[in-house]
Amino acid sequence: MAADSAMAIRFFNQQSDYLHCGSPDDPRLFHADSSDQIQVWSPQVGQGYTQTIPLREGLSLVILDYSIHSTFLYKNSRRSPFLEFEFQIEGSAAGQSAFVPHLVQRDSFGIRSAQPRQLKVEVLFSAPMFETCAHTVVEYFPPQDRAMLYDWASWVYRSRHGLNAKSPQTAFGQILSGTIASPELFSANDPFESLDFCAFGRFWRSMTSEMHQIVNQLLSCPHGGQIRRAYLEDKALELVALMLRGMNHLNAISYPLVGDDLDRIYQAGRILARNLNNPPSIKALARQVGLNRFKLNQGFHQVYGTTPFRYLRCCRLALAGHLLITSDLAIEAVAHKVGYTSRSNFATAFRQQFGLNPKALQLHSQYVPQSKSLAS
C-alpha cells in the first residue's frame, strides 16, 4: 500500500510536461505584448502562468502567478548559468526578496510541493550580461560568503587543471566565462557538495517600501510596444540596484556583532552542518564558538535567517533528500545518517519540508539516475 501511494506522485522528465505554451491574450495577465513568452500550468498539478518578458539580450523580466494543488517530482536541466533576483508578493515568502545564483550547468531532481497562490517577479541575467553582473554582485556579498564562493572556485580550478589558479578571482572568472564550468566536476569527491555551500545558495532580505512600489509599477505598466520594454527595463534595473544597495547597507551597519563574532556564527553553522547525526546542544555550541546563547541565536537570525535548531533541521533534510536520490541506503539508514532515531519522525519532518514521503522520492529517483542534487 505504501509503495502504491508513493507511486501516485507524478514525475515529469522535462519542464514542458507541466508548463504548456500559452497566449499573450490570456486575461489573467497584468499586461502583455506579442513578444512575451507565456507558459501555463498543466491542470494535472496546478493553475496559473509564467510570463517571460525579454528586455534586452541577457536580461529578462518574469512574472509568475500560480498555485500547485498536487505535489510532483521533476527533472531540472540547466544548460547555461544565470543570476536570479526574486521579489515575492504573495505566498509563503511574501514581502521577501532573494538573490539566487545559478552558476553550475547540471541536471538535478526537484520537488514541487502543493502550495497556495504564489505571485512574484524575477529579474534574470544571462549571457552576455551574466559575467559582468556576477562580478558586480559578488562585491556586495558578506565577506564570509564571498570567501566561501572563492574557495569553491579555487577547488573547481584545481580539479580541472591540477594546479592552483593565480588567484581565487581568476578561478571564479573562468567559471563565469564557461571556460571550466562542467557538470562532471560535481561528484562524490566535491567538497562543496557539503551543506556549507548549500546554505550559501539564497540570500533573503525583506523588501523595502521602494521595492514594493517598483514591483507595483512593473505589474501595472501602462505602456505598450518599445516604450513598454524600455519602461520595464528601467524599473527592473532599479529594483536590482535597490537590492544590491540593501545588501551593502546590511553588510556595513546592520550586524550588531562585533570583532570576530560574525566569524563565530559562520563557524557555528559549519559545526551543525558537519555533525548532523550528533549535533551539540545550543548551550554547548555557544560555548564551543565562544558566544553566549543570546548572541548565538541573534547571530543565526541575521546570518541564516532562522534559529540554530531550524537551520540544523533544514541541513538534515537537504542531505536526506540528496541521499535518497543518489544512494542505495534504506530509509532507516538515511534517517540515522542525518540524525533521526525514529523513521516515523524522519518521515513526518521530510513530508512537512517537501510535501511527500521519503519512500516516494526514493522510488522515483530511479527514473533519473544521473541526478546529483535536489533542486530548490
Restricting attention to region 94-101, does a residue exist that is in a strand (DSSP E or B) and open to solvent by 20 Å² or more (accessible area, probe 1.4 Å)?
yes
Tally time: how many residues in region 101-160 are more than 16 Å from M243 (Cβ to Cβ), out of contact with any Lys or Arg (no Cβ under 9 Å at 6 or more places or on another chain) and among the hydrophobic types (A, V, I, L, M, F, W, C)?
13
Test: L83 is of a type outside the set (G, A, S), at pLDDT 85 or above and assigned to a strand (DSSP E or B):
yes
Condition check for Y266: open to solvent by less than 40 Å² (accessible area, probe 1.4 Å), among the aromatic types (F, W, Y) and not in a helix (DSSP H, G or I):
no
Is it true that some residue in region 125-144 is touching an Asp or Glu at 6+ places or on another chain (Cβ under 7 Å), open to solvent by 10 Å² or more (accessible area, probe 1.4 Å) and within 30 Å of L232 (Cα to Cα)?
yes
Could you tell me whether region 217-225 includes any residue that is farther than 18 Å from L83 by Cβ, open to solvent by 30 Å² or more (accessible area, probe 1.4 Å), touching a helix residue (DSSP H, G or I) at 6+ places or on another chain (Cβ under 8 Å) and modelled with pLDDT of 90 or more?
yes
Within region 276-305, how many residues turn out to be part of a loop (DSSP other than H, G, I, E, B) and either closer than 17 Å to D261 by Cα or of a type in the set (G, A, S) (or both)?
6
Consider G48 against the criteria (1) at pLDDT 95 or above; (2) open to solvent by 20 Å² or more (accessible area, probe 1.4 Å): it satisfies all of them except one. Which criterion is unmet?
(2)
Take the residues in region 101-124 that are at pLDDT 90 or above and basic (K, R), then tell me which one is farthest from L363 (Cα to Cα).
K120
Among the residues of region 18-45, which ones are among the small types (G, A, S) and crowded, with 16+ Cβ neighbours inside 10 Å?
G22, A32, S42
So, in region 87-100, of the ones that are at pLDDT below 90 and touching a Leu at 6+ places or on another chain (Cβ under 8 Å), which residue ends up nearest to R245 (Cα to Cα)?
F99
Tell me, please, whether a residue that is modelled with pLDDT under 90 and either touching a Phe, Trp or Tyr at 6+ places or on another chain (Cβ under 6 Å) or farther than 29 Å from I325 by Cβ (or both) can be found in region 55-64.
no
Members of region 265-289 that are touching a residue at least 40 places away in the same chain (Cβ under 8 Å) and either over 13 Å from R313 (Cα atoms) or of a type in the set (A, V, I, L, M, F, W, C) (or both):
Y266, A268, R270, L272, A273, L276
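The values are calculated or read from the model by the stated rules, or taken from the named source; none is laboratory data. Since the structure is predicted, the reported quantities are computational estimates derived from the model, not experimental observations. In this analysis, Cβ positions are derived from the backbone assuming ideal geometry, glycine residues included, and neighbour counts consider all displayed protein chains. Accessible surface is based on the protein model in full, side chains and every heavy atom, while ligands, DNA and RNA are left aside. Shrake-Rupley method; radii C 1.70, N 1.55, O 1.52, S 1.80 Å.
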